[in-house]
Amino acid sequence: MALTQNLELISTVGRIGVVIAWERVGPRPVPLDASHVPVSAEAITPDWLTEVLCRDLPGAAVTDVRIEGGDNGTSTRRYLALEYNAAGESAGLPHRIFTKSTASFGSRLLLGVTGIVRGEAAFYNYARPSLTLRSPTAYFAGFDAESFRSLVLLEDLTQRAWTFPDPMDNPVDRADAEDIVSEIAAYHGAFWDSPRFDTDLCDLEPTPQWRENVNRKVGFAKRMATGLERAKDVLPGVLYSQRDEICPALTESLALHTGAPQTLLHQDLHLGNWLRDDTGRMGLYDWQCVARGHWALDVAYALGGCLDVDDRRDWEEDLLRLYLERLADGGVQTPPSFDAAWLAYRQQTLHGLTLGLFALGGNRFEPELQPRGYTLCAIDRLAHQVCDLDSITALAV
């Protein structure tokens, strides 16, 4: 079975290499309509944007599109400046939008082959429109299963004076922490045990399957072990001594998702994925790791990764109670009791820690997921959370 899976993965990697090479040296595929996913932001044409942005506005058209900066990381990010004809101008269409794509070989391996961007497209197309959040909305989200390319067109929130702070210069106070758990409760409550996971949101994988798929296809365990050794100086000694128990404990924590109420999970709630609106309140973005599963995974990751260690210790019980209140306010008829929630919270801390260790364990050929200094800071916080809550022991309950 493992041999078959490895051969399939090798075949897929080879196919992606051929596709990428053809996209770069062959005739550039021209996206014709909204069913086609452009190769990159640079391949987007006015005609394609007209189809995407103006389909419900007779006579409106995009007349010009220009790249205005961006950067490359896990995904390829670009800003687009748009111009319209008179009908488009009068409709108030956006003059600047933000794009994320898997234009590079590395991003298609990490995000495409693993199916991560398939879930992201499902979120923006089907879940985001019904949510009230401080988070961007999408004009288009597409994934091409043959080439593994993807593209998301998002509103440019900087036009509304929203900011994306450097996580190393974004202290979280008590009011911010309350915003964090309230935002999480808003999208958790909206999809608590939702039947839509069997219909339009069926592309959102259960977290255990999501992790197993990612772990297998990107060599997660080996890379995490490398990250653990690199992080040794910031890990509590007791946790380093338990290093061989971390992966088995993670497996135990993921098994608990099966019997829990299923809800929408962001799964990547470190501080670098939180924005601030024009009043300074916190909101969540970058939904590329979206899945469905146990609510406590998101809450544990957010509190462990966003709060200073001492603040988290002082506030976490109150914040968990507030989260449960917000679930009830949002219509969840039987939210967990505090005692049950506290145990679940203790049991779901390994996800965030292991993602941080994975991020730190890459080699020189792999994209740096986050700056090293920030990753070490996040690991420090998350590792202390695991120890403070005695999470490995809690999983034996």
Worksheet entry | Residue satisfying condition, being in a helix (DSSP H, G or I) and either within 25 Å of residue 190 (Cα to Cα) or modelled with pLDDT under 95 (or both), within set 396, 341, 383, 378 | 341
Worksheet item: Under 6 Å by Cβ, and 6 or more places apart or on different chains, what pairs join a residue from region 287-308 that is outside the structural domain of residue 120 (by TED's automatic domain parsing) and of a type in the set (Lys, Arg) with one that is in a loop (DSSP other than H, G, I, E, B) and modelled with pLDDT of 95 or more?
Response: 292/204; 292/262
Practice prompt. Please go through region 212-255 and pick out each residue that is closer than 24 Å to residue 122 by Cβ and part of a loop (DSSP other than H, G, I, E, B).
Written response: 218
Worksheet item: In region 226-241, which residues are over 15 Å from residue 381 (Cβ atoms) and in contact with a Cys (Cβ under 9 Å, 6 or more places away or on another chain)?
Response: 238
Worksheet entry | The one condition in (1) within 19 Å of the chain's Cα centre (by Cα); (2) surrounded by 20 or more Cβ atoms within 10 Å (Cβ to Cβ); (3) not aliphatic (A, V, I, L, M) that residue 227 fails to fulfil | (1)
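Filter region 177-200 down to the residues that are closer than 24 Å to residue 304 by Cβ, within 20 Å of the chain's Cα centre (by Cα) and either of a type in the set (Asp, Glu) or surrounded by fewer than 17 Cβ atoms within 10 Å (Cβ to Cβ) (or both) and list them by number.
Selection gives 179, 183.
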Worksheet, complete the sentence: Checked pairs for region 153-169, first part of a loop (DSSP other than H, G, I, E, B), second exposed (fewer than 13 other Cβ atoms within 10 Å of the Cβ) and charged (D, E, K, R), C-beta under 7 Å and 6 or more apart or across chains, list as 161/278; 162/278
Worksheet entry | Residue satisfying condition, being assigned to a helix (DSSP H, G or I) and more than 29 Å from residue 231 (Cα to Cα), within set 324, 357, 353, 303 | 324
Worksheet entry | Search result, residues across region 284-299 that are touching a Phe, Trp or Tyr at 6+ places or on another chain (Cβ under 7 Å) and either over 22 Å from residue 193 (Cα atoms) or not in a loop (DSSP other than H, G, I, E, B) (or both) | 284, 291, 292, 296, 299
Worksheet item: Which of the residues belonging to region 201-221 are surrounded by fewer than 20 Cβ atoms within 10 Å (Cβ to Cβ) and modelled with pLDDT of 90 or more?
Response: 202, 203, 206, 208, 209
Worksheet item: For the subset of region 161-176 comprising residues that are in contact with a helix residue (DSSP H, G or I) (Cβ under 8 Å, 6 or more places away or on another chain) and aliphatic (A, V, I, L, M), which member is surrounded by the fewest Cβ atoms within 10 Å (Cβ to Cβ)?
Response: 168
Worksheet item: Identify, please: which residue in region 120-151 is at pLDDT below 90 and not charged (D, E, K, R) and is, among those, surrounded by the most Cβ atoms within 10 Å (Cβ to Cβ)?
Response: 150
Item to complete: Could you identify the single residue in 293, 304 that is crowded, with 16+ Cβ neighbours inside 10 Å and touching a Pro at 6+ places or on another chain (Cβ under 7 Å)?
Response: 293
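The values are calculated or read from the model by the stated rules, or taken from the named source; none is laboratory data. This one's a predicted model, so the numbers in the text were calculated from it and none came from an experiment. Here the Cβ is made from the backbone with ideal geometry for all residues, glycine too, and neighbour counts use every protein chain on show.
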